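Have a look at the structure below before the remarks.
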Amino acid sequence: MGHQYAGILKDKSEIIIVRFFGIFFMAFQSSQVWGNLISSLVLGGENVGEKNITFCGASFCPEHVKAGTIRDPGQVERYTLCAIFLACALAAAAVVAFFVDPLIRYGEKERSGQASQLNGLHLFLATGKHMLKPYQVLLIPLTIWSGLEQGFFASDYTQAYISCAWDVGQVGYVLICYGACDALASISFGPVVRKIGRVPVFIFGSLINAGVIVTLFQWKPDPEESAIFFVIAGLWGIGDAIWQTQINGG
């Protein structure tokens, strides 16, 4: 669709595809807002008693955390959350099946016609040949980093910083900030790339991630400094938007 739209506008396909990925990831990351709002409402509540945050943050290790430091949601909360998300997933599948136009209307059959004639070996060899291209090789470390930074934020930051120092019920609210910043940044970087190109955008994303990582090493999470949890989440969301839109657009 991006190639066809670029042909209609007589514009560069690269610019249009990045814009399309920005629109996609804006919708995709907005699920962080709605999903985490649901999880926060279902898992809401505060820890009972005084929390020990000595081993929270960069010093976090599951073996060092005493039982009860991170509140364990009850079975009712877990099943309620799973049921809501399952219903949303089934509703999404129904919407795609009944209301979304098939890609064949946009030339998908013609685009994939040649590739469909290749067997598994030919596809493997073609992929290997493509991997010899310098630009593709340089994309590999960025792709690996993209996966690592998403895994770190979804697992380590939420557990070692938010749940450990604050409460598991606050994770969703912090991730709402992450998702909102990610979604808005995703749609915003299309026009930016058109003006200044991709390299400055990649450098900007690298600086954001480096600054946040240094902060996480130095900062001892404290629920009294709740704003910092949201600032870090928002900045990480902006960085993630850069990696997602630019790498996939490449």
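Since every read-out is calculated from the coordinates, none of them should be taken as a lab result. Note that the coordinates shown come from a computational prediction; the quantities given were computed from them, not determined experimentally. Virtual Cβ from ideal backbone geometry, glycine too; neighbours counted across all protein chains shown.
Brief remarks follow.
- Put a plus charge on the Cβ of each Lys and Arg, a minus charge on the Cβ of each Asp and Glu, and nothing anywhere else: the dipole of the chain about its Cα centre is then about 1120 debye.
- Net length gained if the chain between R105 and E63 were fully extended (0.36 nm per residue, minus Cα distance): 9.6 nm
- For the chain, fraction of C-alpha pairs farther apart than 28 Å, in %: 47
- Order of T245, T54, T158 under a 10 Å beta carbon neighbour criterion, fewest first: T54, T158, T245
- Net +/- balance of residues flanking A6 in space, Cβ distance below 12 Å, scoring K and R +1, D and E -1: +1
- Taking Cβ separations below 4.7 Å as the criterion for a possible disulfide partner, the isolated cysteines in the chain are C61, C82, C88, C177, C181.
- Per-residue extension of 0.36 nm, minus the Cα-Cα distance of V214 and A97, leaves a gain of 37.6 nm for this segment.
- Three-way shape call for the range 160-227 based on the alpha-carbon gyration tensor, with the a/c threshold at 1.5: oblate
- Ranking Q75, Q244, G172 by how far each Cα lies toward the positive end of the dipole of the chain (charges on Cβ) leaves Q244 at the top.
- Exposed loop sites, defined as GluC sites (Glu not before Pro) outside DSSP H, G, I, E and B with at most 15 other Cβ atoms within 10 Å, are absent from the longest region of the chain, namely 64-250.
- Using the Cβ-Cβ distance between L90 and S13 with R0 set to 41 Å, the FRET efficiency works out to roughly 0.70.
- 3J(HN,Hα) along the range 236-241, derived from phi through the Karplus expression 6.51 cos²θ - 1.76 cosθ + 1.60 where θ = phi - 60°, amounts to 5, x, 5, x, 4, 4 Hz, with x in place of Gly and Pro.
- The phi torsions of the range 141-151, fed into the Karplus equation with coefficients 6.51, -1.76 and 1.60 and a -60° offset, translate into couplings of x, 5, 5, 4, 4, 4, x, 5, 5, 5, x Hz, rounded to whole numbers, with Gly and Pro shown as x.
- Contact order normalised by residue count of the chain, Cα under 8 Å, 6+ apart, percent: 39
- In this rough spin-label picture, where each label sits 7 Å from Cα along the Cβ direction, the T143-E225 distance is 3.8 nm.
- Stretched out straight at 0.36 nm per residue, the stretch from F202 to S155 would grow longer than its current Cα-Cα span by 14.5 nm.
- Shown in residue order for the range 212-220 are the 3J(HN,Hα) couplings computed by the Karplus curve 6.51 cos²θ - 1.76 cosθ + 1.60 at θ = phi - 60°: 5, 4, 4, 4, 5, 6, 8, 8, 9 Hz (x for Gly and Pro).
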